[in-house]
Structure formats: structure tokens, C-alpha cells
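For reference, the structure is listed below as C-alpha cells.
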Amino acid sequence: MNAQPQENLKITPEEYLEFERNSEIKHEYFDGEIFAMTGASLNHNLINANITAELQSKLKSNGSTCSVFSNDMRVKVLKNGKYTYPDVVIACDEIQLEDDEFDTLINPVVIIEVLSNSTEAYDRGKKFEHYQLIPSLKEYILVSQHACRMEKYARRDNFKWLYSSYNEPGESMEIDVIGCKLLLLDIYYRVVF
């Protein structure tokens, strides 16, 4: 017998976390609903690995107090209860977690999303709106997997977001809050469009 979807069935954040911590696949959560995460393409995985490796190397060589997490670090937006899995997330100094399970970050300073056809509109729109509610978040970066293109939104003191775009392989993007530069050539290493 196949399980049938239940209309209007909402679960609590506590029920979500219990379910998620025992699930073999990842799910995002918002407003009582869970959403299964799907697999990623070769380019998506290469870009994600390249970004993580570059940032980890640079932070280590700088003696930084920041940590890089890739794919599996859940982030909670405290103001609205949304749980999400960014492609890459960075936290600095004292890492703050939701509870003693040590799997849900609440104070990211940088979030990076690798765009896909199915998630691009959401990553640029509603998801970014949710992320803007995180007081510690200083930079939100979007990375194309179909062209050499990185975009950055940087929070300013007046809570406005400054947009910048990088499109050439020889360009570098400065992630100001952690003092690291990412060369697009390195981010797109072995990626074929």
C-alpha cells in the first residue's frame, strides 16, 4: 500500500526535527510543511566542492576563527522558524546552535547557494527574504552552474543590500566579512558548460 499525501496536515518544528534526524534524505521546513531536497548535478557538486575547498584553505591559512560547512549543516531562521540547507554556509567566532544535537546553525555570516533551474527563482526570491531575517548574515552569494557568474548581496549598516556581479574567469569576488577572495577560475575548475 502506498502512503497518500495528507492535505492540511501541519507538523511542529519539534516533530520536523525528530523526523529529519532519522531520515535518510534531507528536508527543509517552513510553516508546518516539509519539503524533500533532491539530488544535484555534476556541475553543482563540482562548484560546491570547489567553493568549500577554496574557503577552507584560505580560512586555515589566515588563522581565521570562521568555519565552513557544506550541504549538511542545517540553518534555522529564528524569526520565522524556517529550516534550510544552504549549499555552503560560514559561521565565525562562537558558533551558535539551536540545541544540543549540534546540527542546526543559527548565526551564519555568509550563505552561498549554487543555482539550479528548479530552485533559482526561489533562491533569488522567497528564500533570500527568509535569509534577510537572520541578524548575523552579512553576505548572500548566488553561483550559476550554467555560466561563469557569481552574484553577491552584502548587507550594509542601514540594512540595505548592495548587489555586485562577477562574470569573467579572471575576476575575484571579495567576501568582506571573512576577508577572503574567491577567483572565479578556481570556483569553476573542471566545470563544463
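One table, with the values for the structure above:
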| quantity | calculated |
| --- | --- |
| Degrees, to the nearest 10: 42-62 long Cα axis against longest axis of the chain | 60 degrees |
| Amide H contacts under 5 Å for Asn107, placed H, 5+ residues apart | Gln96 |
| Relative contact order of segment 23-109, pairs being alpha-carbon contacts under 8 Å that are 6 or more residues apart, as % | 24 percent |
| Among Lys138, Lys181, Lys79, residue whose mean-square fluctuation peaks in a GNM of the chain (springs only between Cα atoms under 10 Å) | Lys79 |
| Estimated dipole of the chain in Debye, rounded to 20 [Cβ of Lys and Arg +1, of Asp and Glu -1, Cα centre] | 660 debye |
| Pairs of Lys in the chain closer than 17 Å at Cα, counting only those 8 or more apart or on different chains | 24 |
| Relative contact order for the chain, counting Cα pairs under 8 Å that sit 6 or more residues apart, in percent | 17 percent |
| Contour excess over end-to-end distance, with Cα ends at Leu42 and Ile25 and 0.36 nm allotted per residue | 4.3 nm |
| Whole-Hz ³J(HN,Hα) from phi, Karplus 6.51 cos²θ - 1.76 cosθ + 1.60, for segment 173-184, glycine and proline x | 10, 8, 9, 4, 4, 10, x, 10, 10, 10, 7, 4 |
| Cut-off 14 Å (backbone N to label point 7 Å along Cα→Cβ of His146), residues of segment 168-193 | 193 |
| Mean separation of Cα contacts under 8 Å, 6 or more apart, over the residue count of segment 81-137: relative contact order % | 34 percent |
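Read the figures in this text as sums done on the coordinates, not as results from a lab. Since the structure is predicted, the reported quantities are computational estimates derived from the model, not experimental observations. Cβ: placed from backbone, ideal geometry, glycine included. Neighbour counts: every protein chain shown.
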